[in-house]
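First the structure, in the form of structure tokens, and then the observations on it.
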Amino acid sequence: MQSQETLLKQDLQHVWPPYSAIQADTPIYPVKSADGVYITLMDGRVLIDGMSSWWSAIHGYNHPVLNQAIHTQLHDMAHIMFGGLTHQPAIDLALQLVKITPEPLQTVFFSDSGSVSVEVAMKMAIQYWHAKNQPNKKKLLTIRYGYHGDTFGAMSVSDPDNGMHSLFNDSLIKQLFADAPLCTFEQNCSAEDIAPLANKLKENHTQIAAVILEPIVQGAGGMRFYSPEYLQQVRELCKQYDVLLIIDEIATGFGRTGKLFACEHAKIAPDILCLGKALTGGYMTLAATLATQEIADTIRLGEPGLFMHGPTFMANPLACATALASLKLLLDSPWQTTVRNIEQMLRTGLQVCQQHSHVKEVRVLGAIGVIQLHQPIDLKALQPKFVDAGVWVRPFNKLIYLMPPFIISSAELNSLIDAVCKVVADIEP
Ligand SMILES: *Cc1c(COP(=O)(O)O)cnc(C)c1O
């Protein structure tokens, strides 16, 4: 094996990191292995994982059941094209997803990443109205602070100003944005909260194919939690104005917020649902777009009678088999209790951060803990402090946030929380 120094040098020169640059000066750490909640760096240091590899590794790393699922599937086939061919892992996974998601969702389109599942959802909505002879309904309406991915369609419905994509604004399809609600998860939704979206719908519904939202938790656009009542009212408005509702559960799906799907907090069902991230337990990339029978039938019976999308690696058998095993692990476990316990510990443990003048707010929902500062974080300075403290946390902008694997023990979670609180205490205001 090459020395860490050589590897890092090669990495720096040739490999693009996400939301960064070649030869960027933010620190980067080669990983040797990962097991359970522990990440072992090449230099021998062991970190407790606070990120679940961006929401995905809910069962931790190197899980024997998931490893076995891949081995077993590998024996039959790693991949096969999905055009004209199908296979049991895809069918079983589709049936399982239909079973555990809200009742009206009956059909599943597999793709390879969350962003693509959002593109698919947007195309389905547009094709639906095209098939219904309402081709003017092709705009998307969403709220500010959203994040739906990095491809062009997904960027067009992500927050236009928060810095992640603003550079591309002139190249994007112009969508409609309403101010986001200010009501928190615990609060009711006031008339002022819903008015911006209601007004946009009222004025533009003849051009709107769908409203797209992250349910309850807005993730990468600001880690904001909003009232289930808001989501209920959006659902009603969409019905009233004949607009589809796309719910993006790519971050929130599979238990993270305390419900299997965050839309269950509001007891509503979308017309189209996007899933990804934790779908395979963080093992490999797979996403799914679910739609109602009515949408599927309308597209089939309309012109051209086909849905115009089909990725090369659609329904990859290894990924589908791993997703099935991951779902079984989750559903056979007492995940509600697990998430509630993590929530309780995050609430109690992160509270001490609230006392610092540079901390604006601490908020917790399910297995998500957020510390929002007044000023943007200096990632270059802060990242090594977390690593020195023995934890893997990846802040962005003004946010330090935790979403540990569900398998984290109380002792490990306490160590993670303690380390984070110490680093936060040391940040110079
Ligand atoms: C991460 C994320 C996406 C994009 O998923 P990728 O797999 O990174 O393409 C879309 N929507 C939400 C809510 C996400 O959190």
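The values are calculated or read from the model by the stated rules, or taken from the named source; none is laboratory data. Owing to the predicted nature of the structure, the values given are computational and were not obtained by experimental measurement. Neighbour counts run over all protein chains shown; Cβ positions are idealised from the backbone, glycine included. Note: areas computed on protein heavy atoms with side chains; ligands, DNA, RNA excluded. Shrake-Rupley method; radii C 1.70, N 1.55, O 1.52, S 1.80 Å.
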One computes Rg over Rh for region 298-386 from alpha-carbon atoms, with the Kirkwood Rh, and obtains 1.22
Any lysines whose Cα falls less than 30 Å from that of residue 380, other than same-chain ones fewer than 8 residues away, would be 9, 32, 277, 360, 398, 422
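Note down the relative contact order for region 159-284 as a percent, whole number, built from C-alpha pairs under 8 angstrom at least six residues apart.
On the way: 171 pairs, mean separation 27.5, N = 126.
Across region 159-284, relative contact order equals 22 percent.
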Asserting the computed 222 nm helical MRE of the chain (DSSP H runs at least 4 long, -39500 (n - 2.57) per run, divided by residue count, to nearest 500) equals -11500 deg cm²/dmol
Looking only at aspartates and glutamates whose Cα falls under 19 Å of residue 239's and that sit 8 or more positions away or on another chain, we get 103, 193, 203, 214, 229, 248, 264, 271, 294, 297
With label points set 7 Å from each Cα along the Cα-to-Cβ direction at residue 45 and residue 5, the distance between them in nm comes to 1.8
Over region 284-324, with neighbouring protein chains present, the accessible area per residue in Å² at probe 1.4 Å is 43
Diffing region 142-152: the Karplus 3J(HN,Hα) column from phi (6.51, -1.76, 1.60, θ = phi - 60°), in whole Hz with x for Gly and Pro, holds 8, 10, 5, 6, x, 9, 10, x, 10, 7, 5
Rounded to the nearest 10 degrees, the helix 317-332 long axis (Cα) sits at an angle to the longest Cα principal axis of the chain of 80
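Ranked highest first by the average count of other Cβ atoms within 10 Å around their residues, in what order do 337-346, 397-406 fall?
Working: 337-346: 17.7, 397-406: 23.1.
In decreasing order of mean packing, 337-346, 397-406 become 397-406, 337-346.
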Ranked output for segments 240-247, 54-61 by mean other Cβ atoms within 10 Å, highest leading, reads 54-61, 240-247
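Where both residues lie in region 76-331, what percent of DSSP beta bridges are antiparallel, nearest 5? Before the final figure, lay out each step's value.
On the way: 12 of 25 bridges.
Expressed as a percentage, antiparallel bridges in region 76-331 total about 50.
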Mean separation of Cα contacts under 8 Å (at least 6 apart) over the residue count of region 66-164, i.e. the relative contact order in percent, is 18
Of the accessible area of the chain, computed with a 1.4 Å probe and all protein chains kept, carbon and sulfur make up a percent value of 54
The base-10 log of I(q)/I(0) that the Debye equation returns for region 1-115 at q = 0.10, 0.16, 0.17 Å⁻¹, one scatterer per C-alpha, is -0.52, -1.07, -1.12
Mean separation of Cα contacts under 8 Å (at least 6 apart) over the residue count of region 76-331, i.e. the relative contact order in percent, is 29
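Can you tell me the length gained on complete extension of the stretch residue 68 to residue 308, counting 0.36 nm per residue apart and subtracting the Cα distance? If you can, show how the numbers build up before the last one.
Details: separation 240, 0.36 × 240 = 86.40 nm, distance 3.51 nm.
Once the chain is fully extended between residue 68 and residue 308, it gains 82.9 nm.
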For residue 21 and residue 355, extending 7 Å from Cα along the Cα-Cβ vector and measuring point to point gives, in nm, a value of 4.1
Quick calc, the chain, dipole around Cα centre from Cβ unit charges on Lys, Arg (+) and Asp, Glu (-), nearest 20 debye, gives 320
Among the Cα-Cα pairs of region 76-331, the proportion with separation greater than 34 Å, in percent, is 13
With the charge dipole of region 76-331 built from beta-carbon charges (+1 for Lys and Arg, -1 for Asp and Glu) about the Cα centre, the Cα from 148, 291, 301 projecting farthest to the positive end belongs to 301
The computed P(r) of the chain puts the percent of Cα pairs beyond 39 Å at 19
